[in-house]
Every structure is written in structure tokens, then in C-alpha cells.
Amino acid sequence: MLELQNICYEVDDKNENKDILKNISVKIDERFVAITGPNGGGKSTLAKVIAGIITPTSGRILLDGEDITGLNITERANKGISFAFQQPVRFKGLTVKDLVTLAAGKDINVNEICEILSEVGLCAREYVDREVNASLSGGELKRIEIAMIIARGTKLSIFDEPEAGIDLWSFNSLIKVFEKMHQVINGSILIISHQERILDIADKIIVIASGEIQTVGTKEEVLPVLLSQAGGTEATCKALADKF
């Protein structure tokens, strides 16, 4: 279980302190949790604080009761936290097989790698020996990144707006991957997203605006309210930006 206790994060903005996160306190122990809210509300910053990319100004982060606030991103990764960026990194010279093996942290055979690639909707024969370079699309890269996270089998997998920069076909495929992960993962998935179809998979939705938690609840409690505020006609919840 992940627990955030009074997490604050400030930056120096023209010699003045600017609050990005304000006393964020929440527990995450469900299988699939989505964080949503208007752009600039602090969602991605909170994800990076959890992953150890950013150090909070104050507050504590507990993972299964252990205080990990002072740990860096590598140390948190070793504790079982994975982070997927909005724009996956391309690794020239490394193949998909290399990356999945590195992510697993142990030697795994080609059959095991192919099984993992199949879980994210990639034809293993076509991808296992491909180099992770500019020839891969954004959707392919994101699925490979998810395959790496599945190979790691972490306690907490964080995805920062996985729908960013991919086409509709790739997004539809991505939704199927997350639906499958929701069923089989032995940990928690935390996704930052505006997309209704992603929010609709979540066990819990956390709404953040102006650096503060506005509401926390099940999708049955929160999603209808979000859609109503957004006008109920868009497939995205970005219209919430004007509602807080």
C-alpha cells in the first residue's frame, strides 16, 4: 500500500515560493487508481514525487508502511515502483528483447519474452529483435514500455498520461492492455489521465486541481459527476479545466 501524508511541493518563482502541491494526503491500495483534473493542477508533479524524480518540500511517503520519502528514483525502483513517462525513451542499439530482459532483472528466455509482448498486443516474432529506435511509433513504444513494467512485476506501476501522442487505433489497443493488466496484475496501477475510457476502468478516482485533492471515490461515485461537469458529451475530461 502507498500512503501520502501531507505532501507539499514548492518552487521558486521569481523569488517567490509557488505552491504546486498542497497537503496531499491519500492512501492507494486498490488495484487500479486514476488521477485526473485540469491541466496544471499538479497531477504529473505528484506522480514524479511518488516515483522519486522530484523530492517533496514536506510530508511523508510510505510504501507498505516503510518511509521512502528520502529515497531516490533508483532506490524506489528497487523497492518496487515503476514509472512510465508520457514520451517513452528510445534506446538506439538496444533491442526489445534486451529491454524486457533488463526490466525483468534476470535471464529470461525468448519464449517468456514473447509471452509478455503478446500480453501487450505485439506480435512477438516481429518485435523481439527490433531495435528501439525512431522506426517504432509512439503506440508501439508505449506498449513496449508496459511490457517492461509487466516483466518487472512491481508493487506500484505509474503511468503519466499514457494516451499522449498516440493515434486512436493505438489508444484503443492501449485500453485493452490496461484492462488485461487490471485483471492479472499483482500490485497497483496508478494512471494520470483525462480519458473517460481509462477512468472507467479505475477502482478509485482521485481528482486534483490547484495542487489540492478535490475529491476521492470509486468510479461510480466520481465519474458521473466529472462527466456532468464536463458537459457529458466529450470522450475526454479535459473540459474540467474550467470547472474548478
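Bear in mind that the values in this text are calculations on the coordinates, not laboratory data. Every value quoted in this text rests on a predicted model; they were computed, and no experiment measured them. Here the Cβ is made from the backbone with ideal geometry for all residues, glycine too, and neighbour counts use every protein chain on show.
Output the relative contact order of the chain, whole-number percent, from Cα pairs under 8 angstrom with separation of 6+ residues.
Rounded, it is 26 percent for the chain.
Once the piece of chain linking LYS176 and LYS18 is laid out straight, how much longer is it, given 0.36 nm per residue of separation minus the C-alpha distance between them?
53.0 nm
Kindly state, to the nearest 0.05, the FRET efficiency for ASP203 paired with VAL110, given R0 = 35 Å and r defined as their beta-carbon distance.
Efficiency, from the Cβ-Cβ distance: 0.50.
Which of VAL128, GLY70, ILE175 sits farthest toward the positive end of the charge dipole of the chain, with +1 on the Cβ of Lys and Arg and -1 on the Cβ of Asp and Glu?
VAL128
Name the shape class, rounded, prolate or oblate, that the alpha-carbon gyration tensor gives for segment 46-127, where a ≥ b ≥ c are the square roots of its eigenvalues, rounded holds for a/c under 1.5, and otherwise prolate holds if a/b is larger than b/c and oblate otherwise.
Because a/c hits 1.5 or more and a/b exceeds b/c, segment 46-127 counts as prolate.
Give the angle, between 0 and 90 degrees and rounded to the nearest 10, that separates the Cα long axis of helix 219-229 from the longest principal axis of the Cα atoms of the chain.
Taking Cα atoms only, the helix is inclined about 70 degrees.
Between ARG90 and GLU75, what is the label-point separation in nm under the 7 Å Cα-to-beta-carbon projection?
Rounded to a tenth, the inter-label distance reads 3.5 nm.
For the Cα atoms of the chain, what angle does the longest principal axis make with the long axis of helix 110-119, in degrees from 0 to 90, nearest 10?
So the helix axis and the longest Cα principal axis differ by about 40 degrees.
Can you give me the angle between helix 138-152 and the longest principal axis of the chain, using Cα atoms only, in degrees from 0 to 90, rounded to the nearest 10?
Between the helix axis and the principal axis of the chain, the angle is about 90 degrees.
If amide H atoms are built 1.01 Å from N in the plane of the peptide, which residues on other chains or at least 5 residues away come under 5 Å of the amide H of ASP64?
For ASP64, whose amide H was placed from the backbone, the distant partners under 5 Å are LEU2, GLU3.
Using a 10 Å cut-off around each Cβ, can you sort ARG130, ARG152 from fewest to most neighbouring Cβ atoms?
ARG130, ARG152
So which aspartates and glutamates can LYS18 reach, going by Cα to Cα under 16 Å and dropping same-chain residues fewer than 8 places off?
GLU10, GLU212
Among SER137, GLN214, GLN195, which residue has its Cα furthest toward the positive end of the charge dipole of the chain, with +1 on Lys/Arg Cβ and -1 on Asp/Glu Cβ?
With unit charges placed on the Cβ atoms, the residue in question is SER137.
About the Cα centre of the chain, what is the dipole size in debye to 20, counting +1 per Lys and Arg Cβ and -1 per Asp and Glu Cβ, all else neutral?
Its charge dipole is roughly 220 debye.
Quick query: amide H of LEU21 versus all other amide H atoms, modeled in the peptide plane; which residues come in under 5 Å with a sequence gap of 5 or more or a different chain?
For LEU21, the qualifying residues are TYR9.
Can you give the % of DSSP beta bridges in the chain that are antiparallel, to the nearest 5?
Percentage antiparallel, nearest 5: 60.
Only Cα pairs under 8 Å and at least 6 apart count here; give the relative contact order of segment 1-124 as a rounded whole percent.
Worked out over segment 1-124, it gives 21 percent.
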